[in-house]
Amino acid sequence: MHRCTLSKTLMAVAVTAYLCSPIRLAVAEQQFITIGTGGITGVYYTTGGAICRLVNRGRKDHGLRCSVESTGGSVYNINLIRAGELDMGLSGSDWQYHSYHGSGKKSFIQSGPFKELRAVFSVHAEPVTIIARADAGIRTVDDLVDKRVNIGSPGSGSEATWNILWNALGHSNDDLKLVARMKSAETPGALCDNKIDAFFWMLGHPNGLSKEVTTTCDAVLIEVSGPVIDRLVAENSFYFKTVIPGGMYRGNPNDIAVFAVGTTFVSSTATPENTVYEVVKAVFENFENFKRVHPAFANLQESEMISNGLAAPLHDGAMKYYKERGWK
């Protein structure tokens, strides 16, 4: 055989062997998944990052490679999952409910019920949190009238919940002196620089942003309680009463009565059963490691994570894992 022809033949064999090798097949079978979170300084981002790290530890076995995307939060994540641009995401239990039923927020009503939305598990409580300058004369929610308030970034769950709360109290955003919609990371500096009087957000405690603002300047947490709040919680199963413990932040020695939603992890029927199964397995097979990721996770219990705040049906992949563990 001619030397050139022999070389070509050997090269073809070598290429074929490489393409068919276990290493090459493993690379070809890899699946990339993306989790929508929130601002990079918030608990959502930390939670998504922890889930991805646990998934990526086992990527040689299941072929999944996970990454997180910083987003505008709950509503943004659900809308991107619906559009097929995210595989999974974090959302408050209220917006999981409203999206599935096509209620609550104007965009959800216009889009109609998102019946393909699926719950995976819940995580931590997410209390309504209002922090104000100590010298702004704000002691109750109604004191925010004619004040400069950051109500949450556009399209976020925080902004949407603010509107529900503020409207329930008989107010509109026209009653504020300034309506700011900054990202969460920008708000501590804005408050301490006297650019705003208060800000509103939904997040787990303790958290770095609340510590930053209460350490940098004199800032106080505001109670969100009273008859209107009692009625709001009674009429909406995804809300519950809680407290932000006293002594958690400088200058705030007393418990602060508020209401909260649960942070939930969601997906859709478009995400394959086995993908969700492997993600759920990665979290629950490494549960103690997951709990150590953030102080807000310290009291997590497996039984509550598969029941609390799950308004949409469970994803088949999550259900498969829970049945294997014998959980109802």
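Please treat every number below as a calculation from the coordinates, not as lab data. All of these numbers come straight from a predicted model, not from anything done at the bench. No Cβ is skipped: glycine too gets one built from the backbone with ideal geometry, and neighbour counts run over all protein chains shown.
Binning the C-alpha pair distances of the chain at 20 Å intervals from 0 yields a P(r) profile of 31, 50, 14, 5, 1 %, listed from the shortest bin outward. The calculated FRET efficiency for Arg231 paired with Ser172, based on their beta-carbon distance and R0 = 22 Å, is about 0.70. For the chain, a Gaussian network of Cα nodes joined below 10 Å ranks Gly137, Gly170, Gly73 by mean-square fluctuation, and the top entry is Gly170. DSSP loop (so not H, G, I, E, B), at most 12 other Cβ within 10 Å: list which trypsin sites (Lys or Arg not before Pro) in the range 164-215 pass both filters. Qualifying residues, ordered by number: Lys177.
Which helices of the chain meet both criteria: a Cα extent of 18 Å or more along the helical axis and a mean Kyte-Doolittle score no lower than -1.0, with helices taken as whole DSSP H segments? Display every interim value, and only then the final one.
Details: long enough: 3-20 (26 Å, 1.08); 43-57 (21 Å, 0.25).
Length and hydropathy pass: 3-20, 43-57.
Footprinting exposure proxy ranking of Leu165, Leu117, fewest other C-beta atoms within 10 angstrom first, gives Leu165, Leu117.
With neighbours defined as other Cβ atoms within 10 Å of a residue's Cβ, the residues Glu126, Glu273 order from fewest to most as Glu273, Glu126. Once you have all Cα-Cα distances for the range 126-261, histogram them in 5 Å bins from zero and send the whole-percent values. Reading upward from the zero bin: 2, 11, 22, 26, 22, 13, 3, 0. The trypsin sites (Lys or Arg not before Pro) of the range 226-322 that DSSP puts in a loop, and whose beta carbon has at most 12 other beta carbons within 10 Å, are Arg292.
Fewest first, what order do Ile222, Ile164 take by the number of other Cβ atoms within 10 Å?
Details: Ile222 20, Ile164 16.
Ordered from fewest to most neighbouring Cβ atoms within 10 Å, Ile222, Ile164 come out as Ile164, Ile222.
With a cap of 15 neighbouring Cβ atoms within 10 Å, and only residues DSSP puts in a loop, list the trypsin sites (Lys or Arg not before Pro) found in the range 57-163. Mind showing how you got there, number by number?
Values: sites: Arg57, Arg59, Lys60, Arg65, Arg82, Lys105, Lys106, Lys115, Arg118, Arg133, Arg139, Lys147, Arg148; in loops: Lys105, Lys115, Arg139, Lys147.
Counting only loop positions with at most 15 other Cβ atoms within 10 Å, the trypsin sites (Lys or Arg not before Pro) in the range 57-163 are Lys115, Arg139.
Here, P(r) means the percent of Cα pairs in each 5 Å bin from 0 to the largest distance; for the range 181-274 it is 2, 11, 18, 19, 16, 14, 9, 5, 4, 2, 0.
Here, the range 31-142 is characterised by an Rg to Rh ratio of 1.06, where Rg is the alpha-carbon radius of gyration and Rh the Kirkwood radius.
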